[in-house]
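Engineer: Below is the structure I would like to discuss, written out as structure tokens.
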Amino acid sequence: MKKPYRIAVLASGGGTNLQSIIDQQQTGELPITIALVISNNPGAGALERAQQAGISTLCINHRDYPTRENFDRALVNALQQAEVDLVVLAGFMRIITPIMLTAFPQRIINIHPALLPSFPGLNVQQQAIDYGARFSGCTVHFVDADVDTGPIIIQAVVPILAEDSAATLAERILEQEHRIYPQAIQWLAEGRVTLDGRKVIITDSRSCVNTLTNPTH
Ligand code: GAR
């Protein structure tokens, strides 16, 4: 039998993206095992969601570590012990160092609530509104050595409405996040994702294309 594809989800906050992954996994459509959920924040809703779903959790509080590298070493230890194939950052508000990147090369993905390369960083819904952009959206990408710069796996577009606040825009973007993150994880679990330079090639994804996702092959 094929070895199950094991993922860990790292989250700092409420964990709605984690929930969408749990929900998809429970329908049987996502061929993965969620081996571990880690948070740097003891109060994270994500930990509670994982516990309710019977998933192992770990809190590794960054405040207990003198440097980012020390913190990342603790993450790597836990992730290696859990034997994960993929590390999924889902609202994980810590910058990843080369310690993590070297331990999991091209095996760390992130979701960002804007259409990269526009609006990397924080408070990006407000930034998109203030800029006067007509569209924003979300991006799932591989994590590389810089912030929000890695190769793009999938994006979804969301219009910015005249009456939008950062909160209403964030909410509509989140709806799309909950759709595209499980999709990206499914492609990876099925071994359909390869890299050509910084271009991500998805094999045989015709059935997944719609007007909101990026056209793949
Ligand atoms: C999501 O919008 C995610 O894209 C964003 O944090 C939110 C987490 O929501 N991530 C970043 O901004 C990473 N820089 P959630 O906890 O409900 O999944």
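Engineer: Can you give the relative contact order of the chain as a percent, counting alpha carbon pairs under 8 Å and 6+ residues apart?
Structural biologist: Relative contact order for the chain comes out at 17 percent.
Engineer: Compute the length gained on full extension between Asp146 and Lys2: take 0.36 nm times their separation in residues and subtract their Cα-Cα distance, giving the result in nm to one decimal.
Structural biologist: The span from Asp146 to Lys2 would gain 48.4 nm if fully extended.
Engineer: Here's a follow-up. If you average the alpha carbon positions of segment 161-189 and of segment 8-74, how far apart do those two centres end up, in angstrom?
Structural biologist: Comparing the Cα centres of segment 161-189 and segment 8-74, I get a distance of 19 Å.
Engineer: Mind jotting down the three principal axis lengths of the chain based on Cα atoms? Whole angstrom, largest first.
Structural biologist: So the three principal-axis extents are 47, 41, 36 Å.
Engineer: Using a 1.4 Å probe on the protein heavy atoms, what percent of the accessible area of segment 85-157 belongs to carbon and sulfur?
Structural biologist: 56 percent
Engineer: Would you work out the charge dipole size for segment 69-217 about its Cα centre, treating the Cβ of every Lys and Arg as +1 and the Cβ of every Asp and Glu as -1, and quote it to the nearest 20 debye?
Structural biologist: 260 debye
Engineer: Still on this model: Per-residue counts of other Cβ atoms within 10 Å, averaged by peptide: what ranking do you get for 107-120, 162-175, highest first?
Structural biologist: In decreasing order of mean packing, 107-120, 162-175 become 107-120, 162-175.
Engineer: Let me ask another. So what's the convex hull volume per residue for the Cα atoms of segment 70-176, in Å³?
Structural biologist: 98 Å³
Engineer: Kindly provide the GluC sites (Glu not before Pro) of segment 46-99 that DSSP labels as loop, not H, G, I, E or B, and whose Cβ sees at most 13 other Cβ atoms within 10 Å.
Structural biologist: Here the GluC sites (Glu not before Pro) that fit, given the DSSP loop and packing criteria, are Glu83.
Engineer: Given an 8 Å cut-off on Cα distances and at least 6 residues of separation, report the relative contact order of segment 119-198 as a percent.
Structural biologist: Rounded, it is 29 percent for segment 119-198.
The values are calculated or read from the model by the stated rules, or taken from the named source; none is laboratory data. Please read these numbers as outputs of a predicted model, since none were measured by experiment. Here Cβ is always computed from backbone atoms with ideal geometry, including for glycine, and neighbour counts include all displayed protein chains. These area figures cover heavy atoms from the full protein model, side chains too; ligands, DNA and RNA do not enter into them. Shrake-Rupley method; radii C 1.70, N 1.55, O 1.52, S 1.80 Å.
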